[in-house]
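The values are calculated or read from the model by the stated rules, or taken from the named source; none is laboratory data. Small disclaimer: the values here were computed from a predicted structure and weren't measured. Note that each Cβ is placed from the backbone with ideal geometry, even for glycine, and that neighbours are counted across all protein chains shown. Please note that ligands, DNA and RNA were not included when accessible areas were found on the heavy atoms of the full protein model with its side chains. Shrake-Rupley method; radii C 1.70, N 1.55, O 1.52, S 1.80 Å.
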Amino acid sequence: MWMGRSDSWTNDNGDDQFGESNSYRQLTKGSLKLTPLGDELIAYFAGRNISKETLEKNYVMQVAGQKNVIAFTYRRNGIFVGCKYRTEEKKFWQEKGTEKVLYGLDDIREADEIIIVEGEIDKLSMEEAGISNCASVPAGAPQTVSVKELPTLEKDTGFQYLWNCKEYLNKASRIIIATDADVPGEALAEELARRLGRERCWRVCWPKKDEFSCFKDANEVLKHLGTNSLRDTIYGTELRHMLSEFTHSSCTEDVLL
């Protein structure tokens with residue numbers, strides 16, 4: 001169940017083969033100077049309704065000597081394969097030379113239903129609501145939807161993480177896309193559905209904030225409405241099937257492998 005060009009797929013040798021290539025850097029907590037989160041950052045996450053227990057379960061750390069630099073560690077089969085940094089002021093960067101995968105990949109390993117969000121904090125928010133079959137994209141959202149044909153593996157650089165996680169994603173019969181309620185979030189949802197197959201993709205409709213706007217993402221819903229509302233949003237009846245809403249004449253039709 002994959003959308004795109006099959007001739008571009010060159011490595012499908014099983015879960016354990018990915019992330020162990022000599023072309024990727026070998027990471028350790030020591031080499032990156034990572035330490036457990038201090039009180040200041042634990043308090044920052046508490047302000048976003050994310051508990052210390054959830055942070056520890058997901059190996060969220062900080063850079064030694066830098067009190068406000070959060071380190072989201074990326075793992076495949078329990079192996080440390082990547083790291084993304086964030087400051088409280090929303091400055092982001094990632095370790096170079098590492099495999100690009102979904103954040104929380106091991107949590108969707110055998111899932112028949114998968115939820116994809118737009119950021120690590122949204123993934124953690126889902127866990128606070130008891131939703132573990134969730135993973136986050138590792139990078140931001142595009143500003144617009146591409147009107148071009150889906151690229152091959154070698155050229156699909158912005159979505160390399162999907163190709164690298166293909167064997168996990170192919171197991172899912174239903175994928176709930178819970179990206180942000182803004183223009184880039186909608187563009188990301190569309191690009192994900194183009195690659196994953198619209199027939200199994202459903203788009204979350206975030207609850208109304210007021211007469212004119214909706215809450216933006218999972219963390220906003222968690223903070224303002226609580227865990228029950230977040231669960232109801234994900235598993236409720238307001239999901240949009242992305243096959244039925246595919247009416248954009250500017251987008252090229254996808255080709256099933």
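Annotations
- Enumeration of residues in region 164-219 that are over 21 Å from Arg48 (Cβ atoms), open to solvent by less than 10 Å² (accessible area, probe 1.4 Å) and outside any helix (DSSP H, G or I): Cys165, Ala172, Ile175, Ile176, Ile177, Gly197, Cys201, Arg203
- Residue check for Leu239: in contact (Cβ under 8 Å) with a residue 60 or more places away in the chain and open to solvent by less than 10 Å² (accessible area, probe 1.4 Å): no
- For Lys96, the requirement of being within 30 Å of Asn170 (Cβ to Cβ) and modelled with pLDDT under 95 is met.
- Lone unmet requirement of (1) at pLDDT below 95; (2) part of a loop (DSSP other than H, G, I, E, B); (3) among the charged types (D, E, K, R) for Glu154: (2)
- Residue check for Gly140: open to solvent by 40 Å² or more (accessible area, probe 1.4 Å), of a type outside the set (S, T, N, Q) and outside any helix (DSSP H, G or I): yes
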